Every structure is written in C-alpha cells, then in structure tokens.
Amino acid sequence: MSQRIRNWPIIPSSEITPEPVWLQRRAFMKAAALSAAGAVGAGVAPSGASTSMPLTYSKTDCSGCQTDEPMTPLDDVTSYNNFYEFGTDKSDPAKYAHALTTDPWSIEVGGLVKKPGTLHLEDIMSGFDLEERIYRFRCVEAWSMVVPWIGFPLSELLARFEPTSDARFVSFKTLYRPAEMRGTRSFTSVIDWPYREGLRLDEALHPLTLMTVGLYGRTLPNQSGAPLRLIVPWKYGFKSIKSIVSIELTSRQPQTSWQSLAANEYGFYSNVNPHVDHPRWSQRYERRLPSSLFSPNRIATQMFNGYEAQVAPLYEGLDLKKFY
Ligand SMILES: Nc1nc2c(c(=O)[nH]1)N[C@H]1C(S)=C(S)[C@@H](COP(=O)(O)O)O[C@H]1N2
Ligand SMILES: [Mo]
C-alpha cells in the first residue's frame, strides 16, 4: 500500500522560490503520508537539491532492496557525477545540468510491443506506486556509493506496452538537446549522441531493475538524470542511463554508446565482477564515497555488486569473462 504522488510541478523548477514552496509542500506531503497506512514518504532536507520536489513513497523489503550499509551523503551523490552531456569533469553536471528543461517530458515506447505509445511524465508520476530502494552503486571507474533511490520496477512500465514474444532486448536513449547540453557541443566530446544503453529483456524485467524518479526523498536533481533514469544495481554505473526519452524493444542486442566508443573496454553486460579487470585497471577494489586521498575508504568489490543471490540465475552457463 503506497501513496501516489499527487502533483507533478507544472511550473519549471527555475521559477519556483525553492525553500518556501518546498517547506509548504513538505508539510502537506507529511500530513498526507501520516494519514495513509503503509506510507513512509516525505523527504529529508537536502542542501544540494533545492529545486527538486518531495515525493511520497513506500518502503518494500524485497530481496536485495534495502542494503543496511551507510548511505553516501546527499552532497556527494549530487556533486560527484558522470553525465557527459554536461561535461566530463565530475563537477560539471552539478554546475551545468540546471540548463536542462525537464518539463514537459515524455518517453516514447515502441519496437516489439503490442501497444506502442508515449508516456508523459505526469502519467508516470501518477500511474506508478513509488518505492524507496537503498542500493549500492558501482561505477566502472572503481568508485561507489550507497543511494536511497525512489522509483518503480521497470517491469511494470514495460508490461503496459505488452512486449511481443519476439522481444529479447530493451534499448534506451537519453535526450539529445545540444542547446541545453554544453558537453555535447564540446570539441572534446567523444560519445556518439544520443547516449544509448541496453539490457536483455530478462534483466530488464528483474525485480531489482528500477525506473528511478528520485533520491533522498525528492525528485532527481538534473545532474542525477532528471526526470527519469534507469538504475541497475548489479551492473557498472554506465548502464544506468539518465534522462531517458525513448525505450525500444528489439529482437537483437542493441549497440550501446560505450561499446561504440571502446568495445574491448566496455561490454554489453557490464556486470560488476571483481575477477574481470578493466583493460586499464583492476576491478578488485573500489573507493566508497566520500573518499579522499588521505582517507580513500577502499573496500573489496563484490560479485554482481553484492546482488549475486538475486541475479546469478540470469547468467547460468554464461562465460562472464567472454561476456563482460
Ligand atoms: N545519459 C547519460 N547517462 C549516464 C551517463 C552519461 O554520461 N550520460 N554516465 C553513466 C555513468 S558512467 C555513471 S557512473 C552513472 C553516474 O550516475 P550518478 O552521476 O547519478 O552517480 O550514470 C550513467 N548514466
Ligand atoms: Mo560510470
């Protein structure tokens, strides 16, 4: 039993006086949450995400859904990012992603489905029950964090479009809007935009695979992939594609941006695996954020990022060194 969000802000967040409006809404949502059994909603007060809005959500305890490891502080989650559309420095997304317009927003779903169509953000926000998942998140660059994401299973979204029996893969595309994305205009930009990712259909339907609309109790800040991104917690972070505008069901394995860039370094599967090193560095350990030169916070990387019990059956009989 969870609450659905009632209001998706219809005015651009840039036109909102952030704190007063936020406080008001927070009081309202808190009251709504208290009056509804099962709801735990109403976000904490983040300093790094003042233009995002509070969400109401439940907390389910499915297998692997709630790690009890300490969460990475919000400031680290929202100031150390990879979002190449806004630049390649870790600090670029927090500096420049405010230029992204996320309202209106829609996602086209097509390909091998019986009911192709378009989902508008308001339909998404009102049509799915939101839940919080506390996941480990491991970048291929060997840093990691623990984040309380808010979203709903991707399987629920796909079910509405009724994949046909020929569908075997799902491909995703990020918005490509150069006027708002300074990184795509840069001479040093190396990615063939739009940013593209993909999953096998059974991976996409796995209960841990989350369509994510928020973190730390509030809608996603732009640098984190607003308004809607994927989170696949057992795979390297680059699979978790941000700011999605298109989802297509296919019979063949889709090409991804990172494969086009360097297929020998970034595979289609990209499952977190301490026994398969990146050609240029070891994947045995990771730096858990916050991390610094003097306090690196180095920990051992776990197979499938610690989700082996949940996802190993997907890969039975697959050579994980060959299919990296
Ligand atoms: N569209 C898009 N999605 C993206 C990326 C990107 O550059 N563009 N970077 C990926 C990488 S490499 C990582 S590690 C995660 C980072 O997510 P975070 O900034 O929320 O930690 O987003 C992934 N999704
Ligand atoms: Mo990454």
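The values are calculated or read from the model by the stated rules, or taken from the named source; none is laboratory data. What you see is a predicted model, and the numbers here were worked out from it, not measured in a lab. Glycine gets a Cβ as well: all are built from the backbone with ideal geometry, and neighbour counts include every protein chain shown. Please note that ligands, DNA and RNA were not included when accessible areas were found on the heavy atoms of the full protein model with its side chains. Shrake-Rupley method; radii C 1.70, N 1.55, O 1.52, S 1.80 Å.
Can you tell me which residue within region 70-91, out of those that are farther than 13 Å from GLY225 by Cα and in a helix (DSSP H, G or I), is nearest to ligand 2 (Cβ to nearest atom)? Out of the qualifying residues, it is ASP76. All of (1) part of a helix (DSSP H, G or I); (2) closer than 18 Å to LEU320 by Cβ; (3) out of contact with any Cys (no Cβ under 9 Å at 6 or more places or on another chain) hold for LEU261 with one exception: (2). Annotation note: of GLY183, GLY110, the sole residue that is farther than 19 Å from GLN259 by Cα, open to solvent by less than 30 Å² (accessible area, probe 1.4 Å), outside any helix (DSSP H, G or I) and not acidic (Asp, Glu) is GLY110. Would you check if TRP234 is open to solvent by 10 Å² or more (accessible area, probe 1.4 Å), among the aromatic types (Phe, Trp, Tyr) and within 19 Å of the chain's Cα centre (by Cα)? So TRP234 does not fit the description; no. If you take the residues in region 293-313 that are open to solvent by less than 60 Å² (accessible area, probe 1.4 Å) and on the phi < 0 side of the Ramachandran plot, which one is modelled with the lowest pLDDT? Among them, the one singled out is PRO296. Among residues belonging to region 125-138 that are open to solvent by less than 10 Å² (accessible area, probe 1.4 Å) and under 15 Å from the mean Cα position of the chain (by Cα), point out the one that is farthest from ligand 2 (Cβ to nearest atom). Step by step, filter region 125-138, then rank; the result is LEU130.
Considering (1) away from ligand 1 (no atom under 12 Å from the Cβ); (2) of a type outside the set (Asp, Glu); (3) in a loop (DSSP other than H, G, I, E, B); (4) under 29 Å from ILE150 (Cβ atoms), the lone condition that ILE241 does not fulfil carries the number (1).
Every condition in (1) under 19 Å from SER224 (Cβ atoms); (2) open to solvent by 60 Å² or more (accessible area, probe 1.4 Å) is met by TRP143 except one, and the failing one is (2). For region 134-153, the tally of residues that are within 14 Å of ligand 1 (Cβ to nearest atom) and either more than 26 Å from GLY306 (Cα to Cα) or assigned to a strand (DSSP E or B) (or both) stands at 13. Suppose we keep only residues that are touching a Phe, Trp or Tyr at 6+ places or on another chain (Cβ under 8 Å) and of a type outside the set (A, V, I, L, M) within region 152-169. Which one would you say is surrounded by the fewest Cβ atoms within 10 Å (Cβ to Cβ)? Per the criteria, the residue is GLU156. Only one of the numbered conditions (1) within 16 Å of ligand 2 (Cβ to nearest atom); (2) under 30 Å from HIS98 (Cβ atoms); (3) touching an Asp or Glu at 6+ places or on another chain (Cβ under 8 Å) is violated by THR301, and that is (2).
Quick grid of which residues meet (1) under 18 Å from ILE134 (Cβ atoms); (2) assigned to a loop (DSSP other than H, G, I, E, B); (3) hydroxyl-bearing (Ser, Thr, Tyr):
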residue	(1), (2), (3)
ARG287	no, no, no
SER292	no, yes, yes
ILE299	yes, no, no
LEU314	no, no, no
LYS321	no, yes, no
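For region 170-179, does any single residue satisfy the condition of being of a type in the set (A, V, I, L, M, F, W, C) and open to solvent by 10 Å² or more (accessible area, probe 1.4 Å)? Yes. Only one entry in ARG252, ARG229, ARG284 is in contact (Cβ under 8 Å) with a residue 12 or more places away in the chain, farther than 25 Å from ASP319 by Cα and in contact with a strand residue (DSSP E or B) (Cβ under 9 Å, 6 or more places away or on another chain), namely ARG229. Cβ-Cβ contacts under 7 Å between residues 6 or more apart (or on different chains), taken from a first residue in region 94-106 that is open to solvent by less than 50 Å² (accessible area, probe 1.4 Å) and β-branched (Val, Ile, Thr) to a second residue that is outside any loop (DSSP other than H, G, I, E, B) and modelled with pLDDT of 95 or more, are listed as THR102/ASN222.
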